[in-house]
Amino acid sequence: MSRQMGLLLFFSVLLLSSVFAQISYSIPEEMSKGSLVGNIAQDLGLDIKRFVSGKAKIYTRSSEEYIELNRDRGVLLVKERIDREALCTETELCALDFQIILENPMEFFTVTIQITDINDNAPTFEKGEMVFKISESVITGAKFVLHRAVDHDAGMNGVQNYELKPTDNFSLKLKSTADGHTNVQMVLQKPLDREKQEQINLVLTAVDGGEPQMSGTVQIVITVLDANDNAPVFTQQTYKAIVTENSAKGTVVATVTASDADDASNSKIHYSITNTQGNFRRIFDINTENGEVYLIGNIDFEKNKHFQIQIGANDDGGLTDSCKMIVEVQDVNDNKPEINIMSKSNVISEDAELNTVVTIINIEDLDSGENGNVKCFVNENIPFILKSSTSNFYSLVTDSELDRERASEYNITVSCSDEGVPSLSSSVTLTLQISDVNDNAPVFDRSLYEAYIVENNTPGLSIFTVKATDADWNQNARVSYILEDSSVNGVPVSSYVSVSADSGVIHAVRSLDYEQIKDFKFRVKAQDGGSPPLSSNVTVKILIQDQNDNPPQVLYPVQTGGSVVAEMVPRSADVGYLVTKVVAVDVDSGQNAWLSYKLQKATVTDKDAVKQRLTVIVEDNGQPSRSATVIVNVAVADSFPEVLSEFTDSPHDKEYNDTLTFYLVLALAVVSFLFITCLVGIISVKIYRWRQSRILYHSKLPVIPYYPPRYSDTLGTGTLQHVYNYEVCRTTDSRKSDCKFGTAASQNVLVMDPSSTGTMQRKQSDKNILDQPDSPIEDIG
Ligand SMILES: *[C@@H]1O[C@H](CO)[C@@H](O)[C@H](O)[C@H]1NC(C)=O
Ligand SMILES: *[C@@H]1O[C@H](CO)[C@@H](O)[C@H](O)[C@H]1NC(C)=O
């Protein structure tokens, strides 16, 4: 400093010597008060005394006095702090000009004090920080103007340079302008990336050229603004999801997520389904905000087993990404097995062979896996089974023999169920008719019919009905009744009975006589209408019931027209003496032949009379009863002459007795004769037959003794039948009931001998009665 001052002094002296009135000093600014500026007295070449006497003083126009004059010492001192920057602003040359005035004599001197700069000011920036908002999309090379720093010092002490740190993205460019200023610019060297660094802090330093160097800094805060430079990115390229079919609408299938590194609206993502084909949009929708894929339609496994959904994400700036979502549909057992009848017979013959196919069915279940595994079965206890031929095809076949008579119709329920959980099933019922085959013969109600008919019936009377049933159906079960040919007593049975073909009613063709025939058998055939027809037959036995149509016949005593037979009772007879026996018979049977005897005149009026006439009434027990009367003559005498005399008392009686005796003898003779003749005849016939058994010869038995049924107990030759001529009613065709009247085929004639009450003759026209096995022979029990 002192050296510098010395230089200045030298310069001032030179100046003083040449110009006189002018003297210059140079001092730096900011010298402390009282500092010596210059020895002015000496430099002016004046004595100190002169200064004192001349009353030297400083004259200045400015109000501020920075410099004072010490007269006693003749020096200039710093009176006030001198700040060059305050004094002169930026002017390079800064000087204080004043005059020193002396009196006695008046002299003045111009003094210039040059103030030199010292580096007392650092560069400063107007604000503490500079704020920029720069889009990350700004290209490199972009320039940003920075504020200059201010340094009040001048010259080299002013701002000399700038520095920017860090220099990652920006560099500094300084450019001097024409007016000597410097434009400070920040140039983008490397693109910004908001996604990496959202805010950049830089420090700009300005330095001056002083010694020591001073600097000022400013913060540059750069906010990197977002540009839509990032597309959304899905977290996965392919999403997988499983959804069960029939899930409710609104079910979230899966959520896709995309992210966008950008900020704000540039990172706002909208999701959408981008498939253009298929029915995706009717089934799926996506929440545009959060990426939830949910159902809006029905998921049907049977229609779609999986979906491939294209999903896009786009931000507001229009950048996009896409991904796909594969949705597997899980089957739910929601389909029943379907039973389709492919072919079917409604009717099957009952003689169908085993394994005859009745129906073929096809099963379909749209579900998959277990849910579509179907098993079928038919109801039990039917003669059909289900056979599985190929997969999903079943045939219903006969398993055992069919019998329409047992079951004419089957309701076959085919049930199918799948193996899902829970299992679904369906069933179908087939109605199968069994058609008839004529495999059943008609069957009669009974194995043997017995019917009763009271004799003397009117021809055409219906006796009873046979009934046969046929288990078959319709025509195969239509039964016709046919009377089988046979003969009864050598007469075709058709002359006795007829059978109505449709109804099985058996009619009597003629009037029957119990005394002639007591029963007979025949066969009725029942035949169905099948082809070929089946038939069966039954034996019908008709029993003829007796009617009290015959009065008792008295055999003894023999009643003759004129002669009188009397029983002789000795006078000595005791009570209980058997007088005689009245013998009577009744050709009827049973009660009708049960005879009772009554003495009509029970009291003997004349006790002693030789001749007694008793009337005996013989009554049968029929309803109404029939009777016969017999008169028994009793002679009470000890000898036959007495009797005779008694009986021949009157000529009439005598005559009567004679005739009676005669007839008695005659009868006895005739009976004896007949008996012998018979005996001889029978013996000769037997012998003849024994001898010539090979020769066919039908002999006629001319006369056969007749014993009434209840009477003949010894020989057992049998009763003879009464055969009358009747007008008979019979039909030519058993199915019709027209009547034709004619005479009976057999020409049996009953010959009654009026002279004999006990004997009858019978002419048999065609057959020997003894050869008739069916002829009713009855013994009196
Ligand atoms: C079969 O079903 C029908 C109709 O339900 C019924 O009328 C008929 O009686 C049934 N048949 C058998 C044999 O069960
Ligand atoms: C009657 O039926 C029996 C079996 O019941 C049979 O043996 C016989 O041949 C049948 N008679 C006629 C004539 O059909």
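The values are calculated or read from the model by the stated rules, or taken from the named source; none is laboratory data. What you see is a predicted model; the values in this text were computed from it and never measured. Every residue, glycine among them, receives a Cβ derived from its backbone with ideal geometry; neighbour counts consider all protein chains shown.
Below is a table of values for the structure above.
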quantity	calculated
The listed residue being in a strand (DSSP E or B) and surrounded by 14 or more Cβ atoms within 10 Å (Cβ to Cβ), out of Ala313, Ala261	Ala313
Candidates Asp588, Asp574, filtered to the one that is within 30 Å of Ile463 (Cβ to Cβ), more than 60 Å from the chain's Cα centre (by Cα) and of a type in the set (Asp, Glu)	Asp588
Residue match in the stretch 495-503 (condition: out of contact with any helix residue (DSSP H, G or I) (no Cβ under 6 Å at 6 or more places or on another chain), at pLDDT 95 or above, within 16 Å of ligand 2 (Cβ to nearest atom) and of a type outside the set (Asp, Glu))	yes
Selection within the stretch 475-490 - small (Gly, Ala, Ser) and assigned to a loop (DSSP other than H, G, I, E, B)	Ser486, Gly490
Search result, residues across the stretch 115-138 that are surrounded by 15 or more Cβ atoms within 10 Å (Cβ to Cβ) and closer than 26 Å to Arg84 by Cα	Ile115, Thr116, Asp117, Ile118, Asn119, Asp120, Asn121, Ala122, Pro123, Thr124, Phe125
Residue that is farthest from Glu350 (Cα to Cα), among those in the stretch 375-426 that are within 16 Å of ligand 1 (Cβ to nearest atom) and free of Cβ contacts under 8 Å to residues at least 12 places away in the same chain	Glu380
Filter result (in a strand (DSSP E or B) and either within 30 Å of Thr238 (Cα to Cα) or of a type in the set (S, T, N, Q) (or both)) within the stretch 324-342	Lys324, Met325, Ile326, Val327, Glu328, Val329, Gln330, Asn340
Scope the stretch 599-627; condition charged (D, E, K, R) and modelled with pLDDT of 90 or more; matching residues	Glu619, Asp620, Arg626
Test: residue in the stretch 390-397 that is modelled with pLDDT under 95 and within 22 Å of Trp473 (Cα to Cα)	no
Checklist (1) at pLDDT 90 or above; (2) more than 48 Å from the chain's Cα centre (by Cα) applied to Lys249, failing item	(2)
Condition check for Gln516: surrounded by fewer than 21 Cβ atoms within 10 Å (Cβ to Cβ), outside the structural domain of Phe640 (by TED's automatic domain parsing) and in contact (Cβ under 8 Å) with a residue 12 or more places away in the chain	yes
Residue within the stretch 188-202 that is within 26 Å of Asp120 (Cβ to Cβ) and either surrounded by 17 or more Cβ atoms within 10 Å (Cβ to Cβ) or among the hydroxyl-bearing types (Ser, Thr, Tyr) (or both) present	no
Test: residue in the stretch 144-167 that is in a loop (DSSP other than H, G, I, E, B), without any contact (Cβ under 8 Å) to a residue 24 or more places away in the chain and not aromatic (Phe, Trp, Tyr)	yes
Some residue of the stretch 334-341 being among the basic types (Lys, Arg) and in contact with a Leu (Cβ under 6 Å, 6 or more places away or on another chain)	yes
Complete set of residues in the stretch 343-396 that are in contact with a strand residue (DSSP E or B) (Cβ under 9 Å, 6 or more places away or on another chain) and either assigned to a helix (DSSP H, G or I) or under 11 Å from Asp418 (Cα atoms) (or both)	Ile363, Glu364, Asp365, Leu366, Asp367, Glu370, Asn371, Gly372, Asn373, Val374, Lys375, Cys376
Condition broken by Val224, with the remaining ones in (1) over 27 Å from Asp263 (Cβ atoms); (2) part of a strand (DSSP E or B) satisfied	(1)
Residues satisfying the stated conditions in the stretch 77-114, i.e. of a type in the set (D, E, K, R) and either surrounded by fewer than 17 Cβ atoms within 10 Å (Cβ to Cβ) or free of Cβ contacts under 8 Å to residues at least 60 places away in the same chain (or both)	Lys79, Glu80, Arg81, Asp83, Glu90, Glu92, Asp97, Glu103, Glu107
Candidate set from the stretch 490-513 (those that are closer than 15 Å to Phe464 by Cβ and under 60 Å from the mean Cα position of the chain (by Cα)); member that is surrounded by the fewest Cβ atoms within 10 Å (Cβ to Cβ)	Ser503
